Amino acid sequence: MVIILSSLFSSTVNNFLISFGVVVGASIFGGIGAVITNDPPLKAMLDIASSIKIWAVAVTLGGTFDSFAVIEKGLFEGEFRSIIKQAIYVLTALLGANMGYKIIKLIQRCSE
């Protein structure tokens, strides 16, 4: 049980940080691109952060087909633990993406 919990914890931390990093990294590099093209960087960063959140979750989960296969296995073969683990992974990925968006929003708010 300790090994499973440790693996679950490390996977959730990784999922959170990957989705967080995708949103923040894409926003920062998009802001750099906006500076180069003489556009307002903070507006571009916020637009990118809001539109890339769902892609950050998809990147974190490693593609949606793997997630659907695990959910299907859980539903039709009675493995409810895998459904719960997958739900935890999705929720932590969503939390990381939203936290990255909030950080970018905070950066924009602090610059005003």
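Observations on the model:
- Cβ-Cβ under 8 Å pairs, at least 6 apart or on other chains, region 85-112 side within 18 Å of ILE48 (Cβ to Cβ) and touching a residue at least 60 places away in the same chain (Cβ under 8 Å), far side open to solvent by 80 Å² or more (accessible area, probe 1.4 Å) and hydrophobic (A, V, I, L, M, F, W, C): GLY96/LEU17; ALA97/ILE54
- Subset tally (residues that are within 19 Å of the chain's Cα centre (by Cα) and acidic (Asp, Glu)) for region 22-56: 1
- Residues that are open to solvent by 80 Å² or more (accessible area, probe 1.4 Å) and at pLDDT 90 or above were ranked within region 1-27; the one that is nearest to ALA97 (Cα to Cα) is LEU17.
- Test: ASN98 is open to solvent by 50 Å² or more (accessible area, probe 1.4 Å), in contact with a Lys or Arg (Cβ under 9 Å, 6 or more places away or on another chain) and either among the charged types (D, E, K, R) or modelled with pLDDT of 85 or more (or both): yes
The values are calculated or read from the model by the stated rules, or taken from the named source; none is laboratory data. All values reported here derive from a predicted model rather than from experimental measurement. Note that we place each Cβ from the backbone using ideal geometry, even for glycine, and neighbour counts take in every protein chain shown. Ligands, DNA and RNA are stripped out before the accessible areas are found, and what is left, the full protein with its side chains, is counted by its heavy atoms. Shrake-Rupley method; radii C 1.70, N 1.55, O 1.52, S 1.80 Å.
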